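Colleague: My questions all concern the structure below.
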Amino acid sequence: MSREGVLWITTWSGNIYRVDPFHHNIGHNSTGSIVDAIHEDRSGILWVGTFLGEGLLRIDRANGSLKKYLNESPPDRFFDSWITAFYEGMDDTLWIGSDKGLYLFDRKKQTIKKYYKNDPKDGNSISKGLVATIIEDQPGSLWIATDGGLDQLNIKTGAFKHFRNSSNESDST
């Protein structure tokens with residue numbers, strides 16, 4: 001649910017519906033791709049993450065414009081085709097999770113500031129796998145749930161701390 005009580009509903013066919021219970025109004029956009037994640041930012045821009053298709057979509061409902069950010073080379077400058085999660089920072093950044101890693105996106109410049117991907121040789125890199133959820137617990141610290149485990153990112157250093165469950169210990173991290 002958005003800040004104004006509006007509910008966003010997506011369908012497998014790529015349709016996005018805006019349900020406003022106060023105005024009995026159901027707006028509609030079509031992406032042409034399966035929608036996996038959706039986020040309305042503070043300025044009212046709708047960010048849409050698609051599943052294996054269109055990548056990241058930016059919909060400006062005020063003027064009706066749609067911009068697509070697709071997976072192109074070099075891979076550290078554009079988005080993967082499967083966008084799975086969003087988190088809006090207090091500044092003009094947008095954290096975007098994908099099946100391959102985590103992006104820090106500057107909304108004003110509309111560019112990627114940083115791309116975090118798994119490096120099996122680096123214990124301080126993000127866990128391997130899909131990013132399912134991103135939250136912030138305090139300024140400078142993000143929690144990222146991946147299918148490889150739970151990670152905490154120190155935004156200033158770029159280092160990840162990993163929390164794993166051991167089936168042998170009931171209170172393991």
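The values are calculated or read from the model by the stated rules, or taken from the named source; none is laboratory data. Note that this is a predicted model, so its numbers are computed, not measured. Backbone-built Cβ (ideal geometry, glycine too); neighbour counts: all protein chains shown. With ligands, DNA and RNA removed, areas are computed over all heavy atoms of the protein, side chains included. Shrake-Rupley method; radii C 1.70, N 1.55, O 1.52, S 1.80 Å.
Colleague: Return the total of residues in region 45-70 being part of a loop (DSSP other than H, G, I, E, B), of a type in the set (K, R) and at pLDDT 80 or above.
Modeller: The qualifying residues number 0.
Colleague: Any residue that is modelled with pLDDT of 85 or more and either in a strand (DSSP E or B) or at negative phi (or both) - is there at least one of those in region 9-22?
Modeller: No.
Colleague: Give the residues of region 82-117 that are outside any strand (DSSP E or B) and open to solvent by less than 20 Å² (accessible area, probe 1.4 Å), sorted by residue number.
Modeller: G89
Colleague: Here is a further query. Only residues that are over 14 Å from L56 (Cβ atoms), buried (at least 16 other Cβ atoms within 10 Å of the Cβ) and at pLDDT below 85: list them for region 23-44, please.
Modeller: The one that is over 14 Å from L56 (Cβ atoms), buried (at least 16 other Cβ atoms within 10 Å of the Cβ) and at pLDDT below 85: N29.
Colleague: Any residue in region 157-173 that's over 16 Å from T146 (Cα atoms): show its pairings with residues that are modelled with pLDDT of 65 or more and open to solvent by 100 Å² or more (accessible area, probe 1.4 Å) at Cβ separation under 6 Å, as long as the two are six or more apart or on different chains.
Modeller: Cβ pairs passing all conditions: S172/N165.
Colleague: Additional query: Checking the structure you have, find out if any residue of region 118-130 is free of Cβ contacts under 8 Å to residues at least 40 places away in the same chain, assigned to a loop (DSSP other than H, G, I, E, B), open to solvent by less than 90 Å² (accessible area, probe 1.4 Å) and on the phi > 0 side of the Ramachandran plot.
Modeller: yes
Colleague: Among S98, S73, which is the only one that is at pLDDT 90 or above and either under 27 Å from I34 (Cα atoms) or in contact with a Ser or Thr (Cβ under 7 Å, 6 or more places away or on another chain) (or both)?
Modeller: The unique qualifying residue is S98.
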